[in-house]
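Undergrad: Let me begin by handing over the structure; questions about it come next.
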Amino acid sequence: MRVLSGTSSGLPAGIYPQLASYRHEVFVQRLGWQLQTPEGVEVDQFDRPDTVYVVAQEDDGRIAGCGRLLPTLHPYLLGDVFPQLLHGQTPPCSAEVWELSRFCALDLQQRTHTPAGQFSSVVTVTLLDAAVRCAAGLGARRLITVSPLGVERLLRHAGFHAHRAAPPIIIDGHPLFACYIEVDRC
Amino acid sequence: MSQHSVTHSSSSGVITSISLSADGYIRLRPLLFQATELQHLMSGLDDGVLPRMDSGAAIVGYTEWVSLTNPAITVGWDWQLSAMDGAPGCVRIADPFSNVMFIDEDSRDLGPVRTARLLGEAIDARPWSSTVLAAIAARYS
């Protein structure tokens, strides 16, 4: 497996369309997220020319995971769609804070649904580490994410320095919260 | 470093300040946390979203609490159902998750690991088990 990173135009040829298709299968078909997407691909207003992607690719070319990095100096998911998760705090707007979204590490050849959702793969920690390193290379000191509560356990177990930005809120039946991931490690 | 802060009276009557740092942490001394009232927010049984490091068929879950301050302290921890003096009760099974960074007398960070451990000790000194049991019973009965 290798991990690629770059903007849509900076990734190797063919990867970005493959990534959009992979995201559709994971988030729309497998996880059932109610997203307004074109047929067969999952893209939204935050997939822009300045958006940076991290992509885990198996040796046979299949995508095994992905994540999306957005600078908080420009519109991003938490600030625009889930500002309530900050409980009145001003959303971060800094070159030192990048948002990680659409993160998943799921083997699509495994047809059985697992309760671990988009975090079931052993690829998860490798990809998350790559995302943090990529963001650090772009000037980030910390990432911020919209996360389910259970992610904290994974982050702690993997040795990441993460903490909450504010209390969790139940959205669509699931407790979500805004989570900071520091670029440094515990 | 603070974005904004609020002063309030602790249970000891001392005027204190809780503020939010630019990195998202609320920095305060352990004694102030111990004096800060926490309100139950939500509790639930383990939904199996992620594997836990503990074992077996025990009944486990999570609980979330918040302070009434602004900015709000958020703290949550995993628990396991256990027999306590012959009656069912909840026992914390892992260090809490929070937006708190404890500081020492010189306002130096104690670090995330030590903070989590001290938070756990402070939580264990509070009577939270019956509240969680009642919330679980109301939610799942």
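Undergrad: Does A:ARG141 qualify as being modelled with pLDDT of 95 or more and within 11 Å of another protein chain (Cβ to nearest Cβ)?
TA: Working: modelled with pLDDT of 95 or more: yes; within 11 Å of another protein chain (Cβ to nearest Cβ): yes.
So A:ARG141 fits the description; yes.
Undergrad: Output the residue which, of all residues in segment A:167-186 that are part of a loop (DSSP other than H, G, I, E, B) and surrounded by fewer than 22 Cβ atoms within 10 Å (Cβ to Cβ), is nearest to the other protein chains (Cβ to nearest Cβ). First the steps, then the outcome.
TA: In the first step, residues of segment A:167-186 are kept if they are part of a loop (DSSP other than H, G, I, E, B); the result is A:167-168, A:172-173, A:186.
Those left that are additionally surrounded by fewer than 22 Cβ atoms within 10 Å (Cβ to Cβ): A:172-173, A:186.
Working: A:ASP172: 14, A:GLY173: 10, A:CYS186: 6 Å.
Among those residues, the one meeting the criterion is A:CYS186.
Undergrad: Quick one: in segment B:79-103, which of the residues that are buried (at least 19 other Cβ atoms within 10 Å of the Cβ) and out of contact with any Asp or Glu (no Cβ under 8 Å at 6 or more places or on another chain) is farthest from A:HIS163 (Cα to Cα)?
TA: The selected residue is B:CYS90.
Per-residue answers, yes or no, for (1) at pLDDT below 95; (2) over 27 Å from B:SER141 (Cβ atoms); (3) charged (D, E, K, R):
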{"site": "B:SER43", "(1), (2), (3)": "no, no, no"}
{"site": "B:GLY48", "(1), (2), (3)": "yes, no, no"}
{"site": "B:TRP65", "(1), (2), (3)": "no, no, no"}
{"site": "B:ALA72", "(1), (2), (3)": "no, yes, no"}
{"site": "B:ASP78", "(1), (2), (3)": "no, no, yes"}
{"site": "B:PRO96", "(1), (2), (3)": "no, no, no"}
{"site": "B:ASP109", "(1), (2), (3)": "no, yes, yes"}
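Undergrad: Here are some conditions: (1) in contact (Cβ under 8 Å) with a residue 60 or more places away in the chain; (2) within 14 Å of another protein chain (Cβ to nearest Cβ); (3) within 12 Å of the chain's Cα centre (by Cα). B:THR69 meets all but one. Which one does it not meet?
TA: It fails just one condition, (3).
Undergrad: Tell me, which strands (runs of 3 or more DSSP E) lie completely within segment B:55-141 with 3 or more residues that are of a type outside the set (D, E, K, R) and more than 25 Å from A:VAL151 (Cβ to Cβ)?
TA: Details: elements: B:60-67, B:74-84, B:87-92, B:100-102.
Correct list: B:74-84, B:87-92.
Undergrad: Here is a follow-up. Does segment A:59-74 contain any residue that is of a type in the set (Lys, Arg), more than 30 Å from A:SER9 (Cα to Cα) and buried (at least 16 other Cβ atoms within 10 Å of the Cβ)?
TA: no
Undergrad: What are the residues in segment A:58-102 that are touching a Cys at 6+ places or on another chain (Cβ under 7 Å) and in a strand (DSSP E or B), if any?
TA: Narrowing segment A:58-102 to residues touching a Cys at 6+ places or on another chain (Cβ under 7 Å): A:65-66, A:69, A:72-73, A:102.
Matches in segment A:58-102: A:GLY65, A:CYS66, A:LEU69, A:ARG102.
Undergrad: Step by step: first the residues of segment A:26-41, then only those that are under 16 Å from A:TYR53 (Cβ atoms) and in contact (Cβ under 8 Å) with a residue 40 or more places away in the chain, then the one that is surrounded by the fewest Cβ atoms within 10 Å (Cβ to Cβ). Which residue is that? It would help to see each step written out before you state the result.
TA: So the first thing to find is which residues in segment A:26-41 are under 16 Å from A:TYR53 (Cβ atoms), and the list is A:26-27, A:41.
Those left that are additionally in contact (Cβ under 8 Å) with a residue 40 or more places away in the chain: A:26-27.
Numbers: A:VAL26: 22, A:PHE27: 20.
My answer is A:PHE27.
Undergrad: From the list B:VAL132, B:VAL113, pick out the single residue that is at pLDDT 95 or above and in contact with a strand residue (DSSP E or B) (Cβ under 8 Å, 6 or more places away or on another chain).
TA: Working: B:VAL113 fails: in contact with a strand residue (DSSP E or B) (Cβ under 8 Å, 6 or more places away or on another chain).
B:VAL132 is the lone residue from the list that is at pLDDT 95 or above and in contact with a strand residue (DSSP E or B) (Cβ under 8 Å, 6 or more places away or on another chain).
Undergrad: Would you be able to tell me the number of residues in segment A:13-37 that are in contact with a strand residue (DSSP E or B) (Cβ under 7 Å, 6 or more places away or on another chain) and more than 13 Å from A:ALA105 (Cα to Cα)?
TA: 2
Undergrad: Of (1) under 12 Å from the mean Cα position of the chain (by Cα); (2) at pLDDT below 95, A:SER101 satisfies all except one. Which?
TA: (2)
Undergrad: Follow-up question, since we're still on this one. Identify the residue in segment A:1-25 that is touching a residue at least 40 places away in the same chain (Cβ under 8 Å) and among the aliphatic types (A, V, I, L, M) and, among all such residues, is surrounded by the fewest Cβ atoms within 10 Å (Cβ to Cβ).
TA: Per the stated criteria, the residue is A:MET1.
The values are calculated or read from the model by the stated rules, or taken from the named source; none is laboratory data. In this text, all values refer to a predicted model and were calculated from it rather than measured experimentally. Please note: Cβ atoms are built from the backbone with ideal geometry, for glycine as well, and neighbour counts cover all protein chains shown.
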